[in-house]
There are 2 protein chains.
Amino acid sequence: SVFCSWAAFHPSNLIANMGTETSRRLIHGAKVGFALVVVSLLYMLEVVHDKLGDNAMWAVMTVVVVFEFSSGATISKGVNRAIGTTLGGGLGCSVALLAQQVGGTGKAITIGTSVFFISAAATYTRLQPKIKKRYDYGFLIFILTFNLVAVSGVRGEEIWRVATDRLSSIMMGITICYFISLFVLPVWASDELHKSIVSKFDKLANSIEGCMEDYFKSDGKKDTKASSNLGGCMSVIYSKTADEALANFAIWEPWHGRFGYGYPYKKCLRILELLRELAASTLSLQSCLKSKLQPSLLSTRAAETCQMISEMLVFMLRELGEDIFNMRMCRPHDTVAVRIQSLKTELATAVSASNLSTLVGVNSTMRDGLSVASFVFVFMEVLD
Amino acid sequence: SVFCSWAAFHPSNLIANMGTETSRRLIHGAKVGFALVVVSLLYMLEVVHDKLGDNAMWAVMTVVVVFEFSSGATISKGVNRAIGTTLGGGLGCSVALLAQQVGGTGKAITIGTSVFFISAAATYTRLQPKIKKRYDYGFLIFILTFNLVAVSGVRGEEIWRVATDRLSSIMMGITICYFISLFVLPVWASDELHKSIVSKFDKLANSIEGCMEDYFKSDGKKDTKASSNLGGCMSVIYSKTADEALANFAIWEPWHGRFGYGYPYKKCLRILELLRELAASTLSLQSCLKSKLQPSLLSTRAAETCQMISEMLVFMLRELGEDIFNMRMCRPHDTVAVRIQSLKTELATAVSASNLSTLVGVNSTMRDGLSVASFVFVFMEVLD
């Protein structure tokens, strides 16, 4: 597998595998390596070292810590770091200068007290869920910088010069990260989120299809495929945290590719929520179908309508996924929705005398499917 | 709310609210502040500063970065940091010494090349899902230390002394973190996980109960409560990531309280998995009940049996949650299981002629409930 990894560096393979996960990770590794070489060169240059001294070390540290897999995450960390450093450094300088004016034993007491209260307050704020979600790193850096600056103030060195040198060194690091992350084979969190939404449409379509097939066709080998359908639905539900993190990073990304300035991340989150609901009702459908009720209990007419509805739903999901993938204006799904509606009423009359149990599940799936459809329709209209 | 926050510091309130989230966060903030004051004092002491110089700054940095909310997370980060620093520093020293032997222009080239390849390889490894889950921070620190040491090797300072001074400074920081995190009002990740499991049993019991009540009693205001039941189930399913992180930290925790040396984290994960499955089938049950089928279609006998089964399931879930909470040996649930089994067969005969749809959902819930019960039984036997 080491061989495989290195083979991926060959240009032809590199292009062929561009989409695969391994090559993307290798490319990310190379980007980080490149950024670190650039920042090391800066450190080695006499002119930079003469000006910044050992503070140039902070540029190296910044590159290692800020450079993330997606551009959005890198930008978010960079902004957090810059703001955290500035505020923490400013406050630290003030405390140090105050302590120097107090002098004597009061100096250590002033610094100790302010270190305790400011760090405790910042740590408490950092733990609030809303803050933690977006500004966790900024608060960490604030506490770090504040302490370093305040504590080194005890020795009465030229704090102000040290602080500004470090800040400019950190800014250099952030600039290098931004440049490489945005212009060298960038990985956009918004594209990832887009792909993830499209793949979810596909997964759900597959699992609805698979579960209807299981139900109506083979009775012998039911259990093997059912679990894989279940897995697809569960993975859609479980990916909540990962998708929300992606959306969080996507907010930070500047204009690129086919998206306008305002990346519709709120709409993406709403679509993902609807998809999760649809996944939950597909799960219900599956567990209803897995039960003892046999399809032979259904009248042929009901079974046929049922299959037609599910086929149409699967088709619609795939089509929606494709439309979102191509960023196309949605085709008029109104007509499809109307047709499903009429089939539903037909089904209801067909089975009113027969056994209703599966249709319960099917109905709820339909309902959610329709809500997704109508919502996505709105979404596409706004987007294009 | 600022007033409320400060009121929580009053001893009597502190004890009363010990369990609430806000006071725990305030305590954590105070612990971090205390650790930082201790480490600042070390920096201020002449004897330490004379020996370590400005490298004492690394102790401050370590405390800020390593001190986490739970003891397990702190230990895990400390170990990662210590190992990452040692390996990265060792490799960095080797590269720097090698570069000094090469000398001339070759020096910069040697360092640049090794920085590129080692950083790229480490970054690639870091992105592997298994590594990322547990050793992400260790790899970050490895890359950071390696680069700092290797790059400062260009200037030909006494790298070895700098490296060892920093290492001992970092070790001092880790020691302070460990001491405060383990001995001052510790928050154990294993206790959190334990509590989270117990609360999940309760949530599921409530939502099964709520959904049966909705179904059998009031027909007028169905929708209001149903959504809250749904929310309980969804939160059980969504908490997967958070619980897995807790289990990951719990592994690192030493013996404490009522747990033996081997915290049964694998069993906890298995129970959580079963609980998620149960939540998924409760969701199915709910969507089946939400559908158009009215309880009036059920024969009275079937309805009664149905209610009895759900009551028993709810009772059993609550009892299991309590047993796990008290770390007690499980009461003989075999008998309960047998009784549910007999009720199930009775139910099957009672409704074979009537409408079956709800029971499908109920049955699958029962099945999962029983598997949870039997599993937890095994778990308790092993534990006590």
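Some observations on this one:
A quick yes/no check of all residues on (1) assigned to a helix (DSSP H, G or I); (2) within 14 Å of chain B (Cβ to nearest Cβ); (3) modelled with pLDDT under 75:
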residue	(1), (2), (3)
A:Lys267	yes, no, yes
A:Glu273	yes, yes, no
A:Arg276	yes, yes, no
A:Leu283	yes, yes, yes
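- Reported count of residues in the range A:85-102, each being of a type in the set (Val, Ile, Thr) and within 14 Å of another protein chain (Cβ to nearest Cβ), is 2.
For (1) modelled with pLDDT under 85; (2) within 27 Å of the chain's Cα centre (by Cα); (3) surrounded by fewer than 22 Cβ atoms within 10 Å (Cβ to Cβ), each residue gets a yes or a no:
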site	(1), (2), (3)
A:Asp50	yes, no, yes
A:Phe67	no, yes, no
A:Gly89	no, no, no
A:Gln128	no, yes, yes
A:Ile141	no, yes, no
A:Val154	yes, no, yes
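- Verdict on B:Ile118 being surrounded by 14 or more Cβ atoms within 10 Å (Cβ to Cβ), over 29 Å from B:Thr241 (Cβ atoms) and in contact (Cβ under 8 Å) with a residue 40 or more places away in the chain: no
- Within the range B:179-189, the set of residues being within 19 Å of the chain's Cα centre (by Cα) and part of a helix (DSSP H, G or I) comprises B:Ser181, B:Leu182, B:Ala189.
- Of all residue pairs spaced 6 or more apart or on separate chains, those with beta-carbon atoms under 8 Å, a first member in the range B:236-254 that is touching a residue at least 24 places away in the same chain (Cβ under 8 Å) and a second member that is assigned to a helix (DSSP H, G or I) and among the basic types (Lys, Arg) are B:Val236/B:Lys200; B:Val236/B:Lys203; B:Val236/B:Arg276; B:Ile237/B:Arg276; B:Ser239/B:Lys200; B:Lys240/B:Arg276; B:Asn248/B:Lys133; B:Asn248/B:Arg134.
- Check on B:Ile180, more than 22 Å from B:Lys240 (Cβ to Cβ) and β-branched (Val, Ile, Thr): yes
- Comparison of B:Thr125, B:Thr105, B:Thr110 shows that the only residue that is facing chain A (nearest Cβ under 10 Å), assigned to a helix (DSSP H, G or I) and among the β-branched types (Val, Ile, Thr) is B:Thr125.
- Matching residues, the range B:115-169, being polar (S, T, N, Q) and under 18 Å from A:Gly173 (Cβ atoms): B:Ser119, B:Thr123, B:Thr145, B:Asn147, B:Ser152
- Failed criterion for A:Gln101 (all others in (1) of a type outside the set (Ser, Thr, Tyr); (2) more than 43 Å from the chain's Cα centre (by Cα); (3) at pLDDT 90 or above hold): (3)
- When the test is whether a residue is within 11 Å of chain A (Cβ to nearest Cβ), among the hydroxyl-bearing types (Ser, Thr, Tyr) and in contact (Cβ under 8 Å) with a residue 12 or more places away in the chain, B:Thr62 passes it.
- None of B:Thr110, B:Thr123, B:Thr145 is among the polar types (S, T, N, Q) and surrounded by fewer than 22 Cβ atoms within 10 Å (Cβ to Cβ) except B:Thr110.
Residue-wise test of (1) at the interface with chain B (Cβ under 10 Å from one of its Cβ atoms); (2) farther than 15 Å from B:Thr123 by Cβ; (3) touching a Leu at 6+ places or on another chain (Cβ under 6 Å); (4) of a type outside the set (Ser, Thr, Tyr).
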{"position": "A:Glu46", "(1), (2), (3), (4)": "no, yes, no, yes"}
{"position": "A:His49", "(1), (2), (3), (4)": "yes, yes, no, yes"}
{"position": "A:Gly53", "(1), (2), (3), (4)": "no, yes, no, yes"}
{"position": "A:Phe69", "(1), (2), (3), (4)": "yes, no, no, yes"}
{"position": "A:Gly72", "(1), (2), (3), (4)": "no, yes, no, yes"}
{"position": "A:Ser76", "(1), (2), (3), (4)": "no, yes, no, no"}
{"position": "A:Val79", "(1), (2), (3), (4)": "no, yes, no, yes"}
{"position": "A:Ile83", "(1), (2), (3), (4)": "no, yes, no, yes"}
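- Restricting the range B:143-161 to residues that are more than 10 Å from every other protein chain (Cβ to nearest Cβ) and not in a loop (DSSP other than H, G, I, E, B), the residue that is nearest to B:Phe249 (Cα to Cα): B:Val149
The values are calculated or read from the model by the stated rules, or taken from the named source; none is laboratory data. Everything numeric here is computed off the predicted structure, so don't read it as measured data. Reconstructed Cβ throughout: ideal geometry from the backbone, glycine too, with neighbour counts over all protein chains shown.
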